[in-house]
Every structure is written in structure tokens, then in C-alpha cells.
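Below: the structure, in C-alpha cells.
None of the figures in this text is laboratory data; all of them are computed from the coordinates on show. None of the values given here were measured: they were computed from a predicted structure. Heads up, the Cβs are rebuilt from the backbone with ideal geometry, glycines too, and the neighbour counts pull from every protein chain shown.
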Amino acid sequence: MTLQSISLSQLVPSKANPRKLFDGAALEGLAASIRSDGLLQNLVVTPSKGKKKGFAIISGERRYRAMKLLEGRGELPEEFTVPVEVRSDLSKEGRLRLATVENLQRADLTPLEQTAALTKLVKGGVKLDEVAAQTGLSPATIKRRLALNGLCTDAKVALDEKEITLAQAEALTLGTQQDQIDFLDEIVRGAADLNPSYIRECLIDERPCVADAIFPLERYSGTITTDLFAEDEASYFDDADQFYTLQKQAVEELASHHRENAPWVEVTEGWRIPDWQYEDAPEGEQGGVLINLSPRGVVELREGLVRTDLDEDTAHAISENPLAPPKRKASYSAPLRRILAHHKSMAVQEVLLSAPRTAKDVASVRSFMALKPHECIGALSRADDPQGAYRVLETHARQFAGKLGYEIEDDEPVWSVFPPFRPDPVALYQAVKGFTDHELEEFQALLTALSFGQADCERLDTERSLFNTLAQDLNVAMRTHWSPDRAFFEKRSRDQLIAIAKECGYADGRSALGSYKKSELVGGLIRFFAEAKSAADPTPAQAKARAWLPEIMSFPALDPDAQGSQEPDVEVAEPCQPLDEDGFDAEDDESGHDPVREAA
């Protein structure tokens, strides 16, 4: 070790420095201090290897960057030199250790920078207690930082950009990559306040899924439950203990298969596969196989790995995720728990038969938790000026969101919380239980309405379907819910617009339509339909516009391109049926009862 002064140009940052992010404001403050008081602490360097003579910085890159700021502004004297401590006796591992320890002691590394630095230390063979002694970090903190290696790339980016908290990131390490992405989407878009404890409980309590099994299902002798309320109708093993036993046997068979060819096979049982403890095998070299069976029964496999110098005791110490619950023997076995749960469930089922209102409450809660709005909701919510039907549904959803306790700002879309991500079923039940009978019926109708619609929206729906049959039974008159608008006209060709103009009355009195540009036709038709809709005493041409409807808007739709089309085997609503002065069917029931108008 020697002390000497060198020029700033002789210094180069080390690529091995664990610090990757530098705060600009902090560097400016450090630069101001160096300008006024000089450099008060030596940099630690080592001679650079290669043709270019110089010194690689082991400790002090922030001071170096601050001096470069001053140099770039011409605020350093010409004779300025940098006092350095030259360490020529350090190996690559020694330089990394020194830089890591120096940076970790400063407490301003980001969590992931700490993770990267600590990972290099333990993979280099430094024992856990030595890392703790040299860095001042507790073994518990070191384990929690190393657990962040289990984050997927998106979660790491979100943590670095402070879109999620460190506590949330730590909880996410208990989940698979897909689990993390699902939670991350909800956290980032702000659809729910997902605290770390809730994330942890959800991931720990996840039921074993049939899709995760790597054994033939005929080996399983227990029952399987299919959640019909789930988006993908997922199926789950009711006997978790039997599932895990079979999964473990299958993992052993998988390991035996790979041992026939791989130089080594290792099986772990962590919450995530600890592949960060290994390196990829060099090109041309056969690597080993790492298989992980998580406590939830999820199997992950990585091939082509080589072992590092990770200390065996350290590997054992960090094998358990510090966020995971401690392992303990259950007081009741899974088969006994299942039998008793069956008796409890049937008792509640029997009592529900004599409590129809409560049964309706439960049905509404389950429907809401499984609600998947029809694609029209999201599509029309993005329209510049949604038409009346959307506004009615949005208003009803906003009202019930408030009754359920979800706070929504006036300018916030209701669909960000309706339905919510992973709602609390107990809180929902308590809220629904307070509904009047009329409110409960409205809530059930809203949930059904939001999820119902045409099955394939890119297909011309000309068939006899439940959707079309229901629309006919409800006497849905599209002219009372939809008016031709810019989105419709702009997707029509010029020739089609001219045909529409002739059918709807716009061409009446206009003899030069053939000279109109498409944009002129679009603008003229938009104004014409708007004026016709608001006219107190419509002209004959405006009456045509108020009655006009494209054939696709019938139930079922009429295909104008069909060759030799036959009459449909169901009654089709006439697209040009006369309307009364309020825009409703003139041929309503004589009693004045109009289900469409009442629903609106």
C-alpha cells in the first residue's frame, strides 16, 4: 500500500463497482464541498491492467465524479492532483470486496445495488458472518437483500423506479414470475392498495393448482374443485398433502432422468428457484441441472449451470426466504381437515336453504368477485363522447362502488375499482348485507348486464343466439340507445356514405352528392343526424334519419353481403320502424309500458 498524488485523467471508474445509480443533487453538493474545502479523503485505487496506464477506482467513485463535474466547468486549478491510496496487492475478488464493503457502509446504495454487491460476495466464497462483520449489516438484512434475487425483471425495475416499496418487493419474492407480474400490474396502476402483508398472505395461502402438477393425474385419488367463478375456471387439488407428495415423487423422477446425462443435478425446495447462486456454463461446456420444488408445489427447472464458490454453510443459511412462514407440523392432517370442512360446509348449505336473502347476498358477492366486464365496457370507456347506454351503466356502477365503500374521484374511471383486484370477500358481504331488497336486485342486474354481450364482436352476429333472443325478448330498440356518429361514418367508404345519405334522408334536396369528398360527407352526416335527433318538429328527411339504422344493428344482424340470403328463423326487428315524437317505438303497448324506456 502506497500513498501518492496523481492527475484526475489517470483515474478510471471500476466496472466492478456495485453502485450503479448516482444522485445528481448529491454530486453537486459534494462538488461544492470539494471546491471550497478540497478533497478531505483519499481515493483507494489499484493499477489498471492493459496498455493504457492508469488507476482503477476501488473506493471513492462519487468523489471522482464530483471532481469531473468541477473539471468540466473549469473550476479546478491547473495543478490539481488527487491523493490516492494505491493497493497493488489486491486480487479481483479483493477489489470487489473492498469496494462493496466501502459502499455498503455508506447506506445510500439502492436495495438492488446492495443485492448485487452482496450476491457477488457470497458467490465469491465469503461466509455470511464475515459479510455481516465487514459491512455492518445484520445477517437478517443480508438474507432479505439476497432474497430480492427472486424478483422478476419487471419487479426489479419497479423497485428501482420507486413504483413499489421495498416491503412490497420482498413480499413478491414468495411468488412465481407470473404471480409477481399480476400483483405488479395492480400496484403500478393503482387499482388497489396492496400492502405487503396482504401480498404475502395471498401467495402463501395459494391452493395447489392442477395446472402445476407434473405427475399423471390418475395417480391422484382425492377430489378436485373447479372454480367456475374464476376467469379461466381453474381447478385445484383438495388434498394438498397428497398433491405435494405426488409432486415430490415426480420431481425425484425428473431428477433421475436428468442425472443420466447431466454432470450434476441439484434439487432445492425454496419459494423461488435459487439460480442466482450459479453461473451459466461457458459455451461448449455441459452444465448441471437445478430443480426447485416450492412449498406451493410449483416446479422450476434450469439447465446449463455451473456452481460458484458459494460457501456451503452460507448457502444453507440463505436457502429459506426470510419472508416465508416457519415450517411446523399441523395439528390436523389434510384428510381430517377436509372431512371436517365437508361437514361444516354442508351445515351452512342446509341453513342457507332457509335463508334465501342471505343466499342471494352470497351469490352477489361471488358474482362480483368473479366479474369480468364485457369487452364493450373497456372499449367504449375510451371513446371521446360515449353514447347514452354507456353513461347509464357507468352511473350505476359508480353508485354501487360508493355503496360498497370504494372511493372514486369524479375524474377517475369507475372501472379502476369496479371490479376491484383481489377484493375482501368479508368486507363485500358486510356491505351487500346492508342493501335493501330493491338495491340487491339492482346490484345483481348490474353484474349480469356488465358481463353479458355479443360473444364474438368481430363477427357479424346473424345466428340464433342467446344474445339475440334476449335482445328480442327485451324489445331492445337500438335507435333509442345509439345514433350514427363519427366513429361509424369514418369507417365507411365514400360510396357507402353516399348510399347511407340516400337512405337516411340526407340526400333529399341535395343533387350533387357525387361531388362531395368523403370528409364532407362525414361532417355533413354527423350534423344532419344531430339536428334530426334534437328537432322538436322533424321534417320528413329528419324523420328518416331518426328511423334509419344499419342492418348490422338488428337482432340478429342482417348480412348485406350474403348471397341469396334466406329469411332468418327468428323474428328480426325492422330497422326502420316508425318512432314516436320522443324517439321511441310508435307501436309500443297501448298501456304505455316500455321496458327499454323504464330500464333507461
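Sorted from greatest to least, the principal axis extents spanned by the alpha carbons of segment 426-542 come out as 66, 35, 27 Å. Farthest toward the positive end of the dipole of the chain, out of ILE181, PHE55, HIS374, is the Cα of PHE55, where the dipole comes from beta carbon charges about the Cα centre. Its relative contact order, with pairs defined as Cα atoms under 8 Å and 6+ residues apart, puts segment 355-451 at 48 percent. Return the FRET efficiency for the residue pair GLU312, GLU253: r is the Cβ-Cβ distance, R0 is 22 Å, and the value is rounded to the nearest 0.05. Once the sixth-power term is evaluated, E becomes 0.25.
How many times 2.2 N^0.38 Å is the alpha carbon radius of gyration of the chain?
Values: Rg = 34.6 Å, N = 600, 2.2 N^0.38 = 25.0 Å.
This ratio for the chain stands at 1.38.
Run the helix sum for the chain: -39,500 (n - 2.57) per DSSP H stretch of 4+ residues, divided by residue count, reported at 222 nm to the nearest 500 deg cm²/dmol. Value at 222 nm, helices only: -13500 deg cm²/dmol. By the gyration tensor of its Cα atoms, with a ≥ b ≥ c the square roots of the eigenvalues, what is the shape of segment 189-314: rounded for a/c under 1.5, prolate for a/b over b/c, or oblate? Oblate. Summing Cβ point charges (Lys, Arg +1; Asp, Glu -1) relative to the Cα centre of the chain gives a dipole of roughly 3420 debye.
Taking amide hydrogens as placed 1.01 Å from N in the peptide plane, the amide H of THR268 sits under 5 Å from those of ILE291, ASN292, LEU293, each at least 5 positions away in sequence or on another chain.
Arranged from fewest to most other beta-carbon atoms within 10 Å of their beta carbon, VAL251, VAL351 become VAL351, VAL251.
Farthest towards the positive end of the charge dipole of the chain, among the residues THR225, SER519, GLY284, is the Cα of GLY284, using unit charges on the Cβ of Lys, Arg, Asp and Glu. Peptide packing: for 389-396, 553-560, the average count of neighbouring Cβ atoms within 10 Å per residue gives the ranking 553-560, 389-396, highest mean first.
So what is the relative contact order for the chain, in percent, with contacts set as C-alpha pairs under 8 Å and at least six apart? Normalised by residue count, the contact order of the chain is 9 percent. Helix 518-534 and the long axis of the chain differ in direction by around 60°, with both axes built from C-alpha atoms.
Here the relative contact order of segment 1-91, from alpha carbon pairs under 8 Å that lie six or more residues apart, stands at 48 percent. Peptides 481-490, 405-414 ranked from most to least packed by the mean count of surrounding Cβ atoms within 10 Å: 481-490, 405-414. What fraction, in whole percent, of alpha-carbon pairs in segment 355-451 exceed 21 Å separation? It works out to 30 percent of all Cα pairs.
Its Cα centre serving as origin, segment 163-216 has a Cβ charge dipole (Lys and Arg +1, Asp and Glu -1) of approximately 60 debye.
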